[in-house]
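Down below is the structure, laid out as structure tokens.
The values are calculated or read from the model by the stated rules, or taken from the named source; none is laboratory data. The shown structure was predicted, so the numbers you read here are calculated from the model rather than taken from an experiment. Quick reminder, even Gly has a Cβ in these numbers, built from the backbone with ideal geometry, and neighbours come from all protein chains shown.
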Amino acid sequence: MRFCAPGSDAVKSRRHIRALRRDFVDQLSRHPSHSESEFESLTYHHVSQLSNSQDALARRWLLRWGVVLLNCSHVVWQLRAWESRSDPLSRVRDICISLLRDVMSERGVQQRPLAATLQELQRICDTLAHHHQPAAHELAAIIWRLHCSLSQLEQAPAQGTLSPGYLMTPQA
């Protein structure tokens, strides 16, 4: 275990990384406390706070994963905004949003729930692609973009493969 001085770059990095994860988890909730633009501003704020940090690994993490999380968030907001006159399609949209609940925690990407979510999103896309309603095809396109955005999280480093191991690993 590594101990850091309270004001050190490592502590500051961990604080911003956890805050970004927490803000992203909030974005995936049914009723996020931050709007899409507020989340975007918060993400850029966290990145800028580490611009002078000596912790190059954390800076790279925030830049790379901040972009990934922003992309995911944007697609989730597109999904929320999608409207249909079809109640069954609206329920499918709501199910897709609820699937996102467990893919990330403050401690990092949760790989098993992420894999299950990606598999279910793929299944839903395939089903909607064969639907007769154009609205179903529109919804399938948004869900596919969500699938593609979320699939980037599969590349999060496995536990113990980063030094220090506090970035995207499940046990940070």
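Here are a few things to note about the model shown:
- Only listed residue being at pLDDT below 90, touching a helix residue (DSSP H, G or I) at 6+ places or on another chain (Cβ under 7 Å) and not aromatic (Phe, Trp, Tyr), chosen from Ser84, Ser151: Ser84
- Leu79 being in a helix (DSSP H, G or I), over 27 Å from Gln133 (Cβ atoms) and not acidic (Asp, Glu): no
- Matching residues in the range 107-128 - criterion: being modelled with pLDDT under 95 and surrounded by fewer than 14 Cβ atoms within 10 Å (Cβ to Cβ): Arg112
- Selection count, the range 5-40, where residues are assigned to a helix (DSSP H, G or I), among the small types (Gly, Ala, Ser) and surrounded by 12 or more Cβ atoms within 10 Å (Cβ to Cβ): 3
- Identity of the residue in the range 41-71, of a type in the set (D, E, K, R) and under 20 Å from Leu153 (Cα atoms), that ends up surrounded by the fewest Cβ atoms within 10 Å (Cβ to Cβ): Arg60
- Residues of the range 83-114 satisfying the condition of being closer than 29 Å to Ile17 by Cα and β-branched (Val, Ile, Thr): Ile95, Ile97, Val103, Val109
- Pairing each residue of the range 110-123 that is in contact (Cβ under 8 Å) with a residue 60 or more places away in the chain with any residue that is part of a helix (DSSP H, G or I), provided the two are 6+ apart or on different chains, yields C-beta distances under 7 Å for Gln110/Asp102.
- Test: residue in the range 69-84 that is touching a Gly at 6+ places or on another chain (Cβ under 8 Å) and either β-branched (Val, Ile, Thr) or under 30 Å from Val11 (Cβ atoms) (or both): no
- Of all residues making up the range 41-61, the number that are in contact with a helix residue (DSSP H, G or I) (Cβ under 6 Å, 6 or more places away or on another chain) and more than 11 Å from Lys12 (Cβ to Cβ): 3
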